[in-house]
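Worksheet: one structure, shown below.
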Amino acid sequence: MKFAYYPGCSADGSGIEYGMSMERTAKILGFELQELEDWNCCGATSGHNTDKLLSLALPARNLAIAEKTGMSMMTPCAACYSRHRHAEHAIQHDPEMKKKIEQVLDMELQGTSETVSILDILAHKIGADEIAAKVKNPLTTMKAACYYGCLLVRPVEHTGFDDAEDPQTMDVVMKALGADAIDWSHKTECCGAAMVTSRPDVGNPMLYRVLKDAKESGAECIVTACPLCMLNLDMRQAGIEKKFKEKFNMPIYYVTELLAIACGDEQKTVGIEKHFVEAGKYLQTVKVRAAEAKVAAEKAAAEAAAKAKEKAEAVARAKAAGKTADKPKEEAAAEPDQKKIEAFKTALTKNPDKMVAKLVDDPARAEILATTLDEKRIAKLAQLMAADMEKAKKAADAFVTAELKKQGDCQD
Amino acid sequence: MDLAIKLSPATEDQKKLLAKVEKEAGTSVNLCYQCGKCTAGCPAAFAMDYPPRQVIRLLQLGLIERALQAESIWICASCETCSARCPRGVDIASLMDAMRRQALQQGKVDKKVAAFNKAFLFNIKNFGRAFEAGLLLQYNLTTGQPFKDMELGLPMMTRGKVGILPERIKGRDEVKKIFERAEKLGGAE
């Protein structure tokens, strides 16, 4: 698999870790990235805020170069992705606009380019199974809020590789890496990255809400696939904590960083130490917890296996013994039930209403039984419940009928 | 209280302007039945003078000048939640976009946002790529707030996240021509 690679202006600047980890991700998963020759900036938000034709023509120059390579073009940045998809959409669906763009570029466009996001590649073109197969240090016990933000999933007619309200591609990747992808409500809410520079009064509350919801939903870190979200959530987090007087200490990761680390990379290889919010310690914590979870899981598995073996041996012994005498066989079968019977006895004594309700459906009849339980009946019911629930129900029913009859007799 | 709007029929100029904005946005405001779903989901509505639904209503009533003067169009973060959720298929985000450009042409503009955009595009026009450090510096200087975000500058450098010089692409002239031709062709049409 080979892609034309459009790194975007942040990949060796503010989003340097994204660039580093993207290269590692490609290498680990075995796809090739060939940087697009002499690419230009897509114009981002400033472009479409200023001039529509310009905002389509700037990415169209890159698309023209990409379509000559015959490869799909992958861009890690959500904003670059969005702008190129917009231009692609116009070129393919608006002949009048296509003509104008061609005039501005002074070249003809085939309209055959295809811009793809890294999430699309990971979840659909490679797939969770193949990713999981490459994992060496699973991120077991990591509680990750997968954050898609706005431009990766909207507008649907331009993106369309995932659900716009509850996208799953990143969740699928994180689960393949062994992490827990928590459910939360700000998955696709805008973090306000476009606003924090020019209108911090608008951008800051937007950012605060994303961080707060992640924390309240039980996330221990946020995962992103957008360098603008990263810059905003990571670099500006300390400022938000100060402004809103609330500590988050929420490490932010690129999905590609976590993929590389789960597949055996060192933190330094993907630039974890370059983050603003300390992000290395949490990865260490996850490593320790994952190791503990592994030991616990192995121990539980060993215990279960031992138990199964013991049981099988007991059955074998009982079978062998059963040929000579019936008695030991009964003992072997009755042995574990004694505990159950005791448990049912206690429950019936302490919590008669609740337990009786399990045996008698009709509430009125259940009440009669609950108020007339004595030691003898409890013993009988407990024994039956441990052995066969159906029989216990029948017995309970019989007790009620007998009780009713008794009461009726008295009235007569 | 000046809540009521005295309506008079939209003038020809207003109708023309609205038609232009709608065409550029590729959508029609008459589709909107004012359910308010756009406003409900808008993450920036809290800061707006007219929330998205009301902006659309202004346009429906032909009060396009008032809509163009609304602070809302500069508060919109272009996150597209409104367009994605509109049950009538109105592309509100695209309308906001078209209105920003229209307001820019008329000089009705949030100065800071416009300064940021100008600085950003200046970079691309001259180097072919955005130059983050130069961009922020230029923006801060032109808006008279030279020390804004200064506490973030040094840590950015020590982390190797800021280039000292802009990257220049070979096709700089090509890109410059794209800017010139787009302007000449009246990109806002």
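The values are calculated or read from the model by the stated rules, or taken from the named source; none is laboratory data. This is a predicted model, so every value here is computed, not measured. Neighbour counts are summed over all protein chains in view; Cβ atoms, including those assigned to glycine, are modelled from backbone coordinates with ideal geometry.
Scanning the stretch A:7-53 for residues that are of a type in the set (Gly, Ala, Ser), touching a residue at least 12 places away in the same chain (Cβ under 8 Å) and more than 26 Å from residue B:113 (Cα to Cα) returns A:19, A:21, A:30. Taken over the stretch A:20-52, the criterion of being assigned to a helix (DSSP H, G or I) and modelled with pLDDT of 95 or more is satisfied by A:20, A:21, A:22, A:23, A:24, A:25, A:26, A:27, A:28, A:29. Being closer than 20 Å to residue B:59 by Cβ and more than 7 Å from chain A (Cβ to nearest Cβ) is the requirement here; does residue B:144 meet it? No, not satisfied. Of the residues making up the stretch A:84-104, those that are in a helix (DSSP H, G or I) and free of Cβ contacts under 8 Å to residues at least 24 places away in the same chain are A:92, A:93, A:95, A:96, A:98, A:99, A:102, A:103. Out of A:392, A:402, one residue alone is part of a helix (DSSP H, G or I) and in contact (Cβ under 8 Å) with a residue 24 or more places away in the chain. It is A:392. Of all residues in the stretch A:388-401, those that are more than 15 Å from residue A:345 (Cβ to Cβ) and either buried (at least 20 other Cβ atoms within 10 Å of the Cβ) or of a type outside the set (A, V, I, L, M) (or both) total 9.
Restricted to the stretch B:152-167, and to residues there that are more than 8 Å from every other protein chain (Cβ to nearest Cβ) and free of Cβ contacts under 8 Å to residues at least 40 places away in the same chain, the residue that is farthest from residue A:50 (Cα to Cα) is B:158. Checking each residue in the stretch A:68-83 for being under 23 Å from residue A:223 (Cβ atoms), in contact with a Phe, Trp or Tyr (Cβ under 8 Å, 6 or more places away or on another chain) and not in a loop (DSSP other than H, G, I, E, B) picks out A:74, A:80.
Residue A:88 meets all of the listed conditions (1) buried (at least 22 other Cβ atoms within 10 Å of the Cβ); (2) under 23 Å from residue B:156 (Cα atoms); (3) more than 14 Å from every other protein chain (Cβ to nearest Cβ); (4) charged (D, E, K, R) but one, namely (2). Run down A:52, A:99 and say which single residue is in contact with a helix residue (DSSP H, G or I) (Cβ under 7 Å, 6 or more places away or on another chain) and within 22 Å of residue B:23 (Cβ to Cβ). Exactly one of A:52, A:99 is in contact with a helix residue (DSSP H, G or I) (Cβ under 7 Å, 6 or more places away or on another chain) and within 22 Å of residue B:23 (Cβ to Cβ), namely A:52.
The set of residues in the stretch A:140-160 that are hydrophobic (A, V, I, L, M, F, W, C) and surrounded by fewer than 19 Cβ atoms within 10 Å (Cβ to Cβ) contains only A:156. State all residues of the stretch B:118-141 that are within 21 Å of residue A:19 (Cα to Cα), at the interface with chain A (Cβ under 10 Å from one of its Cβ atoms) and free of Cβ contacts under 8 Å to residues at least 40 places away in the same chain; if no residue qualifies, say none. Those that are within 21 Å of residue A:19 (Cα to Cα), at the interface with chain A (Cβ under 10 Å from one of its Cβ atoms) and free of Cβ contacts under 8 Å to residues at least 40 places away in the same chain: B:130, B:131, B:132, B:133, B:135. Does at least one position in the stretch A:43-61 carry a residue that is in contact with a Leu (Cβ under 9 Å, 6 or more places away or on another chain), more than 8 Å from chain B (Cβ to nearest Cβ) and among the aliphatic types (A, V, I, L, M)? Checked against the condition, which is being in contact with a Leu (Cβ under 9 Å, 6 or more places away or on another chain), more than 8 Å from chain B (Cβ to nearest Cβ) and among the aliphatic types (A, V, I, L, M), the stretch A:43-61 yields at least one hit. Restricting attention to the stretch B:100-128 and to residues that are buried (at least 20 other Cβ atoms within 10 Å of the Cβ) and among the charged types (D, E, K, R), the residue that is nearest to residue B:70 (Cα to Cα) turns out to be B:100. Taking the criterion of being within 20 Å of residue A:139 (Cβ to Cβ), hydroxyl-bearing (Ser, Thr, Tyr) and outside any loop (DSSP other than H, G, I, E, B), the residues of the stretch A:205-261 that qualify are A:224, A:253, A:254, A:256. Which residue is nearest to the other protein chains (Cβ to nearest Cβ), if the candidates are limited to the stretch B:60-92 and must be in contact with a Leu (Cβ under 7 Å, 6 or more places away or on another chain) and closer than 26 Å to residue A:200 by Cα? Once the filter is applied, the top-ranked residue is B:67.
Has the stretch A:226-236 got any residue that is away from chain B (no Cβ under 13 Å), modelled with pLDDT of 95 or more and touching a Phe, Trp or Tyr at 6+ places or on another chain (Cβ under 7 Å)? Checked the stretch A:226-236: no residue is away from chain B (no Cβ under 13 Å), modelled with pLDDT of 95 or more and touching a Phe, Trp or Tyr at 6+ places or on another chain (Cβ under 7 Å). One residue is enough: does the stretch A:131-147 have a residue meeting the conditions touching a residue at least 60 places away in the same chain (Cβ under 8 Å) and closer than 26 Å to residue B:74 by Cβ? Checked the stretch A:131-147: at least one residue is touching a residue at least 60 places away in the same chain (Cβ under 8 Å) and closer than 26 Å to residue B:74 by Cβ.
Residue A:36 meets all of the listed conditions (1) out of contact with any Leu (no Cβ under 8 Å at 6 or more places or on another chain); (2) buried (at least 20 other Cβ atoms within 10 Å of the Cβ); (3) within 10 Å of another protein chain (Cβ to nearest Cβ); (4) within 20 Å of residue B:167 (Cα to Cα) but one, namely (3). May I ask you to list the residues in the stretch B:143-166 that are under 21 Å from residue A:195 (Cα atoms) and exposed (fewer than 15 other Cβ atoms within 10 Å of the Cβ)? Across the stretch B:143-166, the qualifying residues are B:144, B:145, B:146, B:147, B:150, B:151. Return yes or no: is residue A:149 part of a loop (DSSP other than H, G, I, E, B), within 30 Å of residue B:85 (Cβ to Cβ) and not assigned by TED's automatic domain parsing to the domain that holds residue A:210? Here the answer is no, as residue A:149 does not meet what is asked.
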